[in-house]
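One structure is given below, encoded as structure tokens.
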Amino acid sequence: MQILSLLKKEGRMSMSQIASRLDVTKMAVFKHITGLEASGLIERSTVKKHVGRPVSIFTLTASGKKRFVSSYASMISDLISFLVKNDQRDLVLDFLKKRYASIKDEYEEELLPIDPDKRLEHLAVMRDREGYMAELRNTPGGVHELIEFNCPIFQIAALMGEACDLENSLFRSVLGVQVDSTHKQITGESFCRFLIHKQEP
């Protein structure tokens, strides 16, 4: 699971990189890698170097990525898929909007008592707690970067791209600042990235 989590977070890694991050030998990683490949959870590609031998790079397969999707999310995505295929897309969108309105209320209830300067940091903790594997980073100019390496709503967003827009609107609403989405997992990125701008004085 540590190897799967690393690959989920980093996207692609060599055996040496995995061993270094886990502080174990390459032989120990090799034993686990072999089992994960046999199970169809990871796959390898070969990258040629200018000097020396080619390097094997490991990534998650579709099955490996599904390990991070809960059975609840899978059931909901199946239901949404059924409704969309049966010409009920407007009904699904209405459901998503009402669901995010409810989430907004829940977030505000937890965030409002927090010092305004600490709310973004606490939001990242909340998202991580909900399974998004969230990290908050600072970028030049004071703009904060919220990175989410796991997307529990990936299957839903793949069917209804509006879900990503609702996530963005959720952040803007509870933080009261401009939020830009620059990377999305549904477009093939290994993570979702939000730029959180400073509040105007």
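The values are calculated or read from the model by the stated rules, or taken from the named source; none is laboratory data. If you're wondering where the values come from, they're calculated on a predicted model, not measured in any experiment. Every residue, glycine as well, gets a Cβ built from its backbone with ideal geometry; the counts of neighbours run over all protein chains shown.
Scanning the stretch 143-195 for residues that are in contact (Cβ under 8 Å) with a residue 24 or more places away in the chain and small (Gly, Ala, Ser), we see that the one that is farthest from Lys98 (Cα to Cα) is Ser190.
Within the bounds of the stretch 29-46, is there any residue that is free of Cβ contacts under 8 Å to residues at least 12 places away in the same chain and in a strand (DSSP E or B)? Among the residues of the stretch 29-46, at least one is free of Cβ contacts under 8 Å to residues at least 12 places away in the same chain and in a strand (DSSP E or B), which makes the answer yes. When Leu166 is tested against (1) surrounded by 16 or more Cβ atoms within 10 Å (Cβ to Cβ); (2) assigned to a loop (DSSP other than H, G, I, E, B), just one condition goes unmet, and that condition is (2).
Of the residues making up the stretch 48-74, those that are surrounded by 11 or more Cβ atoms within 10 Å (Cβ to Cβ) and of a type in the set (A, V, I, L, M) are Val55, Ile57, Leu60, Val69, Ala73.
Identify all residues within the stretch 107-131 that are charged (D, E, K, R) and within 14 Å of Arg172 (Cα to Cα); write none if there are none.
Glu108, Arg119, listed by residue number.
Exactly one residue among Leu7, Leu36 is surrounded by 14 or more Cβ atoms within 10 Å (Cβ to Cβ), modelled with pLDDT of 85 or more and closer than 24 Å to Arg193 by Cβ, and that residue is Leu7. In the stretch 49-122, counting only helices (runs of 4 or more DSSP H) that sit wholly within it, the ones holding 3 or more residues that are under 30 Å from Gln17 (Cβ atoms) span 62-66.
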